[in-house]
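The values are calculated or read from the model by the stated rules, or taken from the named source; none is laboratory data. Just so it is clear, the structure is predicted and the values come from calculations on it, not from any experiment. Positions of Cβ are backbone-derived with ideal geometry, glycine not excepted, and every protein chain shown enters the neighbour counts. We work out accessible area using only protein heavy atoms, side chains counted, and drop any ligands, DNA or RNA first. Shrake-Rupley method; radii C 1.70, N 1.55, O 1.52, S 1.80 Å.
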Amino acid sequence: MNILILGSGGREHALAWAIAQNPKCERLIAAPGNAGIARVAHCAPLDIMDPAAVVAFARAESIDFVVVGPEAPLAAGVADALRAQDILVFGPSAAAAQLEASKAFTKSICDACGAPTAAYAHFSAAGPAKAYIEEQGVPIVVKADGLAAGKGVTVATELQTAIDAVDTVFADAGAEVVIEAVLAGEEASFFVLCDGTETLPIGTAQDHKRVFDGDTGPNTGGMGAYSPAPVMTPQVTEDALERIVRPTLAEMAARGMPYQGVLYVGLMIDNGAPSLVEYNVRFGDPECQVLMMRLGAQILDAMLDCVEGRLESTRLNWAGDHALTVVLAAAGYPGTYAKGTEIRGLDHSANDPLVQIFHAGTRTEGDSLRANGGRVLNVTARGATLTQARDRAYAAVAQVDWDDAQYRRDIGWRALQSGE
């Protein structure tokens, strides 16, 4: 098959690495890709937000299957355009992508199907939103009602922080905001393939959003992750499917927008009971990196079964292992940071099959590798235990020669502290 992956981050590098190992993949193209993806796929310039351009490119390159990595092209209707031309595509329609593109839409789905989630209110103006916050008090959660690359959420413990978050949201014309109660418990990510009717769980993970050790500092797109998530016991997983995922999918189908693709279910688990924090309509980043380390080449077979409606008979082979990834970011991230600094030393881990360094924001300049973003590298490792995966990942981090690197040194601390 000729396969096209849309995107340029660590998530897409991990997908490309896994898919390239499958013998069904004869030719792999990534658009636009990055310096790491270029090692396993041909990278091509393409405006992935332009549905017509994506269709034309797929036709010109005789693409059999398209995997959409980021959420923005999905919300822009890229998957719809490809399906309209009978090109196989992994990713939901623009209508179904509202599960991530609109917090208010997701809340309406939860209301309709009875999925447990936080109490909320939805506002299209700053004044009523601030009045609601003052009435409810803190802690409280302020969410921009739109795509924000995983960073449009403020968990405020002080009233002024919440008020400022509202002002930030409404600085953009036409903005809307969802304000939620704070859910108690432990957060985890649950990933499920959906073909419109059937579901297939494909793993759990926990990530670290805060930039500094001890879960301190501002939120980021994610500074590291590990899989599986110990809090996601078999019972919690089944409860999440029965009380949240399947009712949501049934409601989506009833509204004429059946969901097809991967559903990222953000959960809060309190005393064994899961509640929905949010849905995302694509793989998480950096959660995808640890999932791909554990799933490998079989993810392509599962994706194809998903888009062709065969999930009912799909089976995954799990090794029972663990994976952990450490994000190396540019100093100053998520604030101001420099681009163009040189990175060396990645070849030290090239021959270790249990370690992969996925590129998130890199470019080449002559023979050198340069940083080209905030989150730059994902150093990812597998192990029989989480401790082994952690130690292997940090040993690989130590071999990276990049003076500008900033990273957390406590990825996996919660699970390791509890003896996992």
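Structure data summary
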read-out: Enumeration of residues in the stretch 276-294 that are open to solvent by less than 10 Å² (accessible area, probe 1.4 Å) and more than 30 Å from Cys110 (Cα to Cα); value: Met293
read-out: So Tyr264, is it over 22 Å from Val182 (Cα atoms) and touching a Ser or Thr at 6+ places or on another chain (Cβ under 9 Å); value: no
read-out: Considering residues of the stretch 24-35 that are surrounded by fewer than 24 Cβ atoms within 10 Å (Cβ to Cβ) and in contact (Cβ under 8 Å) with a residue 40 or more places away in the chain only, the residue nearest to Leu377 (Cα to Cα); value: Ala35
read-out: Residue that is farthest from Asp401 (Cα to Cα) [pool: residues in the stretch 301-341 that are touching a Lys or Arg at 6+ places or on another chain (Cβ under 6 Å) and among the aliphatic types (A, V, I, L, M)]; value: Ala323
read-out: Residue check, Ala250 more than 20 Å from the chain's Cα centre (by Cα) and open to solvent by 30 Å² or more (accessible area, probe 1.4 Å); value: yes
read-out: Some residue of the stretch 77-94 being open to solvent by less than 40 Å² (accessible area, probe 1.4 Å), touching a residue at least 40 places away in the same chain (Cβ under 8 Å), among the aliphatic types (A, V, I, L, M) and within 25 Å of Arg375 (Cα to Cα); value: no
read-out: Within the stretch 221-296, strands (runs of 3 or more DSSP E) holding 2 or more residues that are under 17 Å from Leu316 (Cβ atoms) and not β-branched (Val, Ile, Thr); value: 260-270
read-out: Candidates Ala175, Ala165, filtered to the one that is part of a loop (DSSP other than H, G, I, E, B) and of a type outside the set (Asp, Glu); value: Ala175
read-out: Meets criteria (among the aliphatic types (A, V, I, L, M), touching a Ser or Thr at 6+ places or on another chain (Cβ under 7 Å) and either under 28 Å from Val231 (Cβ atoms) or open to solvent by 40 Å² or more (accessible area, probe 1.4 Å) (or both)) for Met303; value: no
read-out: Qualifying residue in the stretch 219-227 (condition: among the small types (Gly, Ala, Ser), in contact (Cβ under 8 Å) with a residue 40 or more places away in the chain and more than 28 Å from Gly383 (Cβ to Cβ)); value: no
read-out: In the stretch 194-247, the residues that are on the phi > 0 side of the Ramachandran plot and open to solvent by less than 20 Å² (accessible area, probe 1.4 Å); value: Gly203, Gly222, Gly224
read-out: Hey, Glu312 closer than 26 Å to Ala389 by Cβ, out of contact with any Leu (no Cβ under 8 Å at 6 or more places or on another chain) and of a type in the set (D, E, K, R) or not; value: no
read-out: Matching residues, the stretch 259-275, being surrounded by 24 or more Cβ atoms within 10 Å (Cβ to Cβ) and of a type in the set (Gly, Ala, Ser); value: Gly261
read-out: Top-ranked residue of the stretch 150-162 - restricted to ones that are within 20 Å of Asn280 (Cβ to Cβ) and assigned to a loop (DSSP other than H, G, I, E, B), ranked as most open to solvent (accessible area, probe 1.4 Å); value: Lys151
read-out: Candidate set from the stretch 375-420 (those that are free of Cβ contacts under 8 Å to residues at least 24 places away in the same chain and more than 19 Å from Gly214 (Cα to Cα)); member that is surrounded by the fewest Cβ atoms within 10 Å (Cβ to Cβ); value: Ala398
read-out: Lone qualifier among Pro128, Pro139 - being more than 30 Å from Pro51 (Cα to Cα), touching a residue at least 40 places away in the same chain (Cβ under 8 Å), more than 25 Å from the chain's Cα centre (by Cα) and open to solvent by 60 Å² or more (accessible area, probe 1.4 Å); value: Pro139
read-out: Any hit, the stretch 244-255, residues being of a type in the set (Asp, Glu) and modelled with pLDDT of 95 or more; value: yes
read-out: Count of residues meeting criterion [outside any helix (DSSP H, G or I) and open to solvent by 30 Å² or more (accessible area, probe 1.4 Å)] in the stretch 95-115; value: 2
read-out: Residues (of a type outside the set (A, V, I, L, M) and under 19 Å from Val66 (Cβ atoms)) located in the stretch 281-297; value: Arg282, Phe283, Asp285, Cys288
